[in-house]
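Working notes, structure below.
The values are calculated or read from the model by the stated rules, or taken from the named source; none is laboratory data. Just so you know, these numbers come straight off a predicted model, no measurement behind them. Don't worry about glycine lacking a Cβ; one is built from the backbone with ideal geometry, like all the others, and counts go over all protein chains shown.
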């Protein structure tokens, strides 16, 4: 079965990605792509090239969409969707919140998701319909149990497809200030935020993102029992994740702010 084979393969790929990212010889110095804080490091390209090579070798009939070298979004059939380092500014400057995200899509359905936390060097992966999240650490593989504490439920993670503070960010926070009490978090990495929501609760609002930012996290969040609503026009992606009430409430913010700012094409 392709999904099972892919699920087993991404374990080793994600572990290798962590090793490449954390190797001192790879380098973390970022260079500018488009905006002043939209940067790329040597590790971004190295990891994506490694993953492309693995897909070609193990799944030669599958297509590939990556942040650095592109591909056709929305391609039919099997497609791997990869962000070699999500949260590159965090990674380059030594902050937590950087991950490697690997997802597999079959036609319109996301079926495999794996997120490697580059700080803890742990890998989390899920297969659609399994109802499980598997964590791989130095101690081996374990099944994660998703929890939601009162504090966890209060968290609202915000991610935008640009770095500079603007009216969309400010307006979003102003609207949220008029709703129930919330703890706002902007960690600078959609994969990291979605992983934390999957494991510990809360909700997520992403505006102007790219599908590679959130594909793996969506699979993991769904298998944790979180609700997901996705808007994807083939270029930009908006998404809300959380409990059903949160998703309904945050969807109105996508409708209000989603078309006000377009992320730069990179």
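Just one of (1) in contact with a strand residue (DSSP E or B) (Cβ under 9 Å, 6 or more places away or on another chain); (2) in a loop (DSSP other than H, G, I, E, B); (3) under 27 Å from residue 72 (Cβ atoms) fails for residue 125. It is (2).
Being more than 18 Å from residue 203 (Cα to Cα), touching a residue at least 24 places away in the same chain (Cβ under 8 Å) and in contact with a helix residue (DSSP H, G or I) (Cβ under 7 Å, 6 or more places away or on another chain) holds for only one residue in 175, 123, and it is 123.
One line per residue, one yes/no per condition, for (1) within 30 Å of residue 10 (Cα to Cα); (2) in contact (Cβ under 8 Å) with a residue 12 or more places away in the chain:
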{"position": "183", "(1), (2)": "no, yes"}
{"position": "188", "(1), (2)": "yes, yes"}
{"position": "196", "(1), (2)": "yes, yes"}
{"position": "205", "(1), (2)": "yes, yes"}
{"position": "209", "(1), (2)": "yes, yes"}
{"position": "215", "(1), (2)": "yes, yes"}
{"position": "228", "(1), (2)": "yes, yes"}
{"position": "239", "(1), (2)": "yes, yes"}
{"position": "245", "(1), (2)": "no, no"}
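Condition test on residue 209, is it under 24 Å from residue 147 (Cα atoms) and at pLDDT 95 or above? No, not satisfied.
Here are some residues: 11, 56, 32, 4. Which one is in contact with a strand residue (DSSP E or B) (Cβ under 9 Å, 6 or more places away or on another chain), at pLDDT below 95 and either surrounded by fewer than 18 Cβ atoms within 10 Å (Cβ to Cβ) or not assigned by TED's automatic domain parsing to the domain that holds residue 127 (or both)? Of 11, 56, 32, 4, the one residue that is in contact with a strand residue (DSSP E or B) (Cβ under 9 Å, 6 or more places away or on another chain), at pLDDT below 95 and either surrounded by fewer than 18 Cβ atoms within 10 Å (Cβ to Cβ) or not assigned by TED's automatic domain parsing to the domain that holds residue 127 (or both) is 32.
Which condition number does residue 171 fail, the rest of (1) surrounded by 22 or more Cβ atoms within 10 Å (Cβ to Cβ); (2) farther than 20 Å from residue 103 by Cα being met? Answer for residue 171: the failing condition is (1).
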